[in-house]
1. So what is the calculated 222 nm ellipticity per residue for the chain, using -39500 (n - 2.57) for each DSSP H run with n of 4 or more, over all residues, to the nearest 500 deg cm²/dmol?
2. What length, rounded to one decimal in nm, is gained on full extension from residue 271 through to residue 147, with 0.36 nm per residue of separation minus their alpha-carbon distance?
3. Exposure proxy check: 196, 26, 31 ranked by fewest other beta carbons within 10 Å?
4. Per 5 Å bin from zero, what fraction in whole % of the C-alpha pairs of the range 168-247 is there, up to the bin with the longest pair?
5. To check you understand DSSP bridge types, tell me what percent of the beta bridges within the chain (both residues inside) are antiparallel, rounded to 5.
6. Would you calculate the convex hull of the Cα atoms in the range 1-137 and tell me its volume per residue in Å³?
7. Arrange 66, 185, 179, 82 by Cβ neighbour counts within 10 Å, fewest through most, would you?
8. Over all directions, how big on average is the projection of the convex hull of the alpha-carbon atoms in the chain, in square nanometres?
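Derivation of every value follows stated rules applied to the coordinates shown; laboratory data play no part. These numbers come from a predicted model, not from an experiment. As a convention, Cβ positions derive from the backbone with ideal geometry for all residues, glycine included, and neighbour counts pool all protein chains shown.
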């Protein structure tokens, strides 16, 4: 297998991804629209490319993890996107971003017309899991492309092939429904514990073996208690994902009242000037009350 991998997007997640790939022995060709990030990535062994098309020119498997759908489309189909690499046929573009379904299918069709394969493979776990290679990866794509990409994805976490193109992003919407509403629920539970004088630092351990236990509880509640809001995932990104989820639900005429409430809370959080804080900062919307 070719040990050269392309990577577009070198932010918090991209750093984790590329550090892991370099650690696993891959030659990584990287690019970020922010030149400072591209330069910084050279510090952990990423070879700099001048744009997305250049990344694709030097690699057959190109991974992408960028901030929003527009950024993915620019990386894939823009003037300097991978579609405009000199010899696109046979290459695979893997989108690890959380991207709108309609755009996912549109990009897949446009790349297929140039002989490229497309895999939508959004992830869950955050930058730490990307660096450790323990991501949950939800992949949509044809069997041949998945088989070719599987060894690379195995280095990054546990990949589940969900079906055709688009099913990976649909599964990520399910993931976001569960995770993003739970940030709000955990915040409420913390304030309840504090109001009754419970030592909330013990709650994750106390509940770990019951139905309330989860890896999210173990990660998020200590951050909320410590008011440690250094971003692992920005509040503005959570808001973006919840807006996307709301639009997808509306398209299918689905009632999602819990997700709608979470959307309102994150709109308030971002409107209050906390867009650059971690998603767990939603707890700051809940007043403290002590006995």
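1. -15500 deg cm²/dmol
2. Between residue 271 and residue 147, full extension yields 40.3 nm more.
3. On the way: 196 9, 26 21, 31 30.
Placing the least packed residue first, the sequence is 196, 26, 31.
4. 3, 13, 23, 23, 17, 13, 7, 2, 0
5. Looking only at bridges with both residues in the chain, the antiparallel portion is about 15 percent.
6. Values: hull volume 12.6 nm³, N = 137.
Spread over its residues, the Cα hull of the range 1-137 gives 92 Å³ apiece.
7. Numbers: 66 24, 185 15, 179 19, 82 28.
So the ranking, lowest neighbour count to highest, is 185, 179, 66, 82.
8. Details: hull surface 62.4 nm².
In nm², the orientation-averaged hull projection of the chain is 15.6.
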